[in-house]
Every structure is written in C-alpha cells, then in structure tokens.
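Here the structure is laid out as structure tokens; the discussion comes afterwards.
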Amino acid sequence: MTSARFTMDGTPALIVEGNGPAPSSAELVGGRARSTGVVEGDDAGWTATIPLEAARWGGPMLPLPTGDYELRIDRAEPSHPVPLAMLGTLRASLEGHTVRIGPPIDPAYDSGEGQDALERRYAARAGGTLENAVFFESFYGRNASCNPLAIDRELAVRSPSLTRYWSVVDYSVQVPDGALAVVEGSPEWWRARGASRLIVVNDWLRRRYSRRPGQRVLQTWHGTPLKRLALHRPGFDPRRAAAVVKESRRWDVLLAQNPYAAGILRKAYAFLTRPIWVEGYPRNDVLSAGDATATRAALGIGEDERVLLYAPTWRDDRSEIVDFVDPAALAAETDAVVLVRGHSRTLQPGRDTAGPRVIDVTGYPDTSQLLLVADALITDYSSVMFDFSVTGKPMYFLVPDMEHYRGELRGFYFDLAAHAPGPVIRTQVELVTAIRADDAAPYAEAYAAWRRKFNARDDGHAAERVVSRLLDQHFIEG
C-alpha cells in the first residue's frame, strides 16, 4: 500500500492505492458497522475506494457511526499516517490500519474550550422568542427511538407545521421523516435546544441547561423499574444525590407507564410537586396493533421462522453485554433465529455478535419493532419485560447473577422470582429445556396479574393521549 486519502467527490470515501497485484477485497470493519470497497487495477498497481457510509436493516445509506474501524486489505503493508480530514457529514482520520470516524463538528468547537464558549453563548441567550418547535433526544442521541419517537410520529400527524429537531451523536442516526438532525455539541445543537418551546427526552439532560421563559421539558423516561435507581441505588453518595435533585428540577412533567412506576419515579427522583402523567408508554402502541412483516424482511427472517429475542440489561461493573448465553448454540438447540439486543449503554463499547441464525440487533434503531417480531423474550432485570408483556407472548428470565445484582450492584423494588410471568432460570441448559417445553399454563395467573398491574394503560393510544395533553396545556401550538 503506497497511499491513502479521503475524498468528497460524490460519496465520501477512503481511497487506498498500492503496487503489485490487486487485493481481493478492501473494507472498513467496526464494532457495529462495516463498509466494503471496490478494488480496481492490474498486476502493476491498484486502487481501492471504500465508502465512508453504509446501509443497515434495509435503511438508507448513512455516514458510518462514530468509532474506530480496522482497515482490512489483503497483503497490505502498514500505511503512513494521513492528516485529519473534514468530510461534511463526518470527520475521519487514518493512522496505521485504524480509521477513526468522529462526529461532524468543527474542530474549533470539538474541545473543552470550544464547548465552554458555546455553553456561555447558550446561557447568555436566556431570553428571546421561542420557536414553535420540539427538541427530541433518545438515549443521549444514540438513536431516534423509544417514547420520544412515538410522540414525534403522533405530532407529525397532528401538528404537521411544527418544527421537530432530533439530537444525534452523528449522522449515522436516522431521524424520522420531516425532522431535522442536529449533532450533539454543535452550534446548531445548542441553538435548537435553546430555542425550542418543548424538549422531550427519555434520560437525563446533559451539558449545561438554562430554562428559557416559556420552555417546557417532558421527561418520558425509558422503562418501568425493577432495579433500584437514582436516590434508591445502594450506598448514599451526596454528590449523586445532589445531581439527581438538580436534574429532576429541570423537568416540568414526568411520564410513567403505570401507577407503580409513577410512585417509584416520584420518590427516586424527588419529583414531589410537579405532575406525573400516567398514560401508558407511547413506544408500546405498536405492540397492540403493529405489523411485524417489514421488520422481519429488514432482518432477513423468514415468515415461518421462530424468533427468540435475548435482551439483558447493562451492568454497573462492565461496559459490554453479559455473556450468559451462547446465541449460536441457543439457535441450534431451539431451532430458532436468535436476536441479540444489548442495552443502549453497550452499543458503543461492544461489537456485533455473529453466528449461524444469530442476528445482533443492538444497533437496530427501534426496540419496539424487535418486540413485535419476537415470538418469545429472554431477559434478566431489564425494563423490557414490562413492555413485552403487552404482547402476551412467553418470557424467560435468565438470571445467573441474581444474588450479586440484587445484593451488590443495584437491588430490586420487588421479588422477581415471586412475581415473574415466566420461568426464572439460572443456566442455558435450563433455558433450552423451558423453551422446548413451551408450557405457559403454570404462569398464566401470574402473567394476567402482571398485565393488570403494569399494562393497564398500554392500549395502543398512549401517544394520542400524551400529545393531546401537550396541545391542550399549550406546551406547543398545534
């Protein structure tokens, strides 16, 4: 390999040139995405053009996600460092055989001093006229999903003239039709968050936040809790407690899936005097009347294939998904397609799992569509259990570390083993046995009680009710 450069002629690409016979392939391989290039040449020399974008799950071509990518070229020799290059919708640099893709933020702002300057400018504009706009953020901009997505879709129908901004970590995140993507930390991001009349988030507001007169914040949260959170987490930390109280004071309204969750969230976040809307979860509307055909096709799953979704929560003591399941073995032993869904916190540090009849869907943008596709759920302590139960389909609880998780990492709000609407098991052998038995009768009563307690408002109309309240209370104008 003799040279490497970036180009913006047409599609942003990495162009690598070399002497001798052309290699058989050239690609960039990252933890969650890859791009295969086109190799041209003869025995005297060759050129490989590798797009710096990719399509996944049948979606559009989008810039590669932020992260490190291995440059794989057959028989290639070490390359020379290439200076940083700006490529419009992404930023890329090459050193050795690693290509580093960064968010498309001007280097002048992508630093501590640059962000401090933008924060000061943001804080100085405490007054001014607000736009009739909504600023959405889901899971810190890693995707456009969850309750904010369902609310966005309903608003697009009810208030088509409304401006809708979506906070994204980079332009690999696909935003809903008609919405405007703003990259976190960019001047456009700071301006949109400061100017929007309504902010809709499903997790903490990060960075500096200064409320504008008339601006409202709807905190939808992202799940009914089994595990203890915020002020209820084990061990008292004064700094954490102060941060929790400071954060919750930023919210005007908190959305809860059910009365149980409302009671816990109110106390865990000291959200004592402002309203909690118990309306069910908008993200679950699709589970009542949705069609899984398109998602099955996007994932390459046959119409008659059985689908198991493995979706464990994250662990406070590790950054990647737990390895309690061998997905390929599970697929073979149950004659099913196994979807592996890591928590959003394991999206960036992890890598896709591979194997026969195994599909890693950690990077799939919308969990609700995966729940719709799945014939059964395998989880542990994840709040996905309270969403999947809307479907009435089987659930299996694989909890080999229950004592450690309950006693040391987080703790529970109730005894899962006593109330679970499905088998609570410790090993993959037990899991396979339970799946093969496929006997729901022993858990029918517990499942019915579970749905009465947690899913009474998950009737397919939660987004309608939430948007109606936003319009009726003038959080935005229709």
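The values are calculated or read from the model by the stated rules, or taken from the named source; none is laboratory data. These numbers come from a predicted model, not from an experiment. Cβ coordinates were reconstructed from backbone atoms using ideal geometry, including for glycine residues, and neighbour counts include every protein chain displayed. Heads up: the accessible areas ignore ligands, DNA and RNA and are worked out on the full protein's heavy atoms, side chains in. Shrake-Rupley method; radii C 1.70, N 1.55, O 1.52, S 1.80 Å.
Distance from the alpha carbon centroid of the stretch 108-135 to that of the stretch 1-50 works out to 40 angstrom.
Note on His404: accessible area is roughly 70 Å² with a 1.4 Å probe, heavy atoms of protein only.
In whole percent, what relative contact order does the stretch 333-478 give with Cα contacts below 8 Å and a gap of six or more residues? Relative CO of the stretch 333-478 lands at 18 percent.
Neighbours of Ala242 by Cβ distance under 15 Å: Lys/Arg scored +1, Asp/Glu scored -1, total +4.
For the chain, relative contact order (Cα pairs under 8 Å, six or more residues apart, normalised by length) works out to 13 percent. Under the combined filter of DSSP loop state and at most 11 neighbouring Cβ atoms within 10 Å, the stretch 426-478 retains these GluC sites (Glu not before Pro): Glu477.
Computed over protein heavy atoms with a 1.4 angstrom probe, the accessible surface ordering of Met395, Met61, Met1, largest first, is Met61, Met1, Met395. Quick check on the chain: helices-only [θ] at 222 nm, where DSSP H runs of length 4 and up contribute -39,500 (n - 2.57) each and the sum goes over total residues. Nearest 500, please. Taken over the chain, the calculation gives -7500 deg cm²/dmol. For the stretch 172-235, the solvent-accessible area works out to 34 Å² per residue, with a probe of 1.4 Å and every protein chain left in place.
To the nearest 10, the accessible area of Asp415 is 80 Å² with a 1.4 Å probe. Qualifying GluC sites (Glu not before Pro) in the stretch 268-337, where qualification requires a DSSP coil assignment and no more than 11 other C-beta atoms within 10 Å, comprise Glu303.
By the rule of a C-alpha distance below 16 Å, with chain neighbours fewer than 8 residues away ignored, the aspartates and glutamates paired with Lys246 are Asp203, Asp237. Seen from Phe412, the other residues with C-beta closer than 10 Å to its C-beta sum to a net charge of +3, counting Lys and Arg as +1 and Asp and Glu as -1. You can think of it this way: the chain between Ala289 and Ser111 has 59.4 nm of extra reach, that is 0.36 nm per residue less the Cα-Cα gap.
Residues of the stretch 384-422 with an amide N closer than 13 Å to a point placed 7 Å from the Cα of Ala449 along the Cα-to-Cβ direction: 415-422.
Approximating the spin labels as points 7 Å out from Cα along Cα→Cβ, the Thr7-to-Ala297 distance works out to 3.5 nm. Taking every protein chain into account, the accessible area of the stretch 100-152 amounts to 41 square angstrom per residue (probe 1.4 Å). Here the relative contact order of the stretch 11-79, from alpha carbon pairs under 8 Å that lie six or more residues apart, stands at 37 percent.
At the residue level, Leu347 shows approximately 30 square angstrom of accessible surface with a 1.4 angstrom probe and all protein chains present. For chymotrypsin sites (Phe, Trp or Tyr not before Pro), the sites in the stretch 220-316 that DSSP calls loop and that have at most 11 other Cβ atoms within 10 Å are Phe236.
Among the protein heavy atoms of the chain, carbon and sulfur supply 50% of the accessible surface, probe 1.4 Å, non-protein parts ignored. DSSP assigns beta bridges within the chain; of those with both partners inside it, close to 50 percent run antiparallel. For Leu205, neighbours were defined as the other residues whose beta-carbon sits under 14 Å from its Cβ, and their charges (Lys and Arg +1, Asp and Glu -1) total +4.
A straight chain from Arg240 to Ala418 at 0.36 nm per residue would run longer than the Cα-Cα distance by 61.0 nm.
About its Cα centre, the dipole of the chain is roughly 2560 debye, where the only charges are +1 on Lys and Arg Cβ and -1 on Asp and Glu Cβ.
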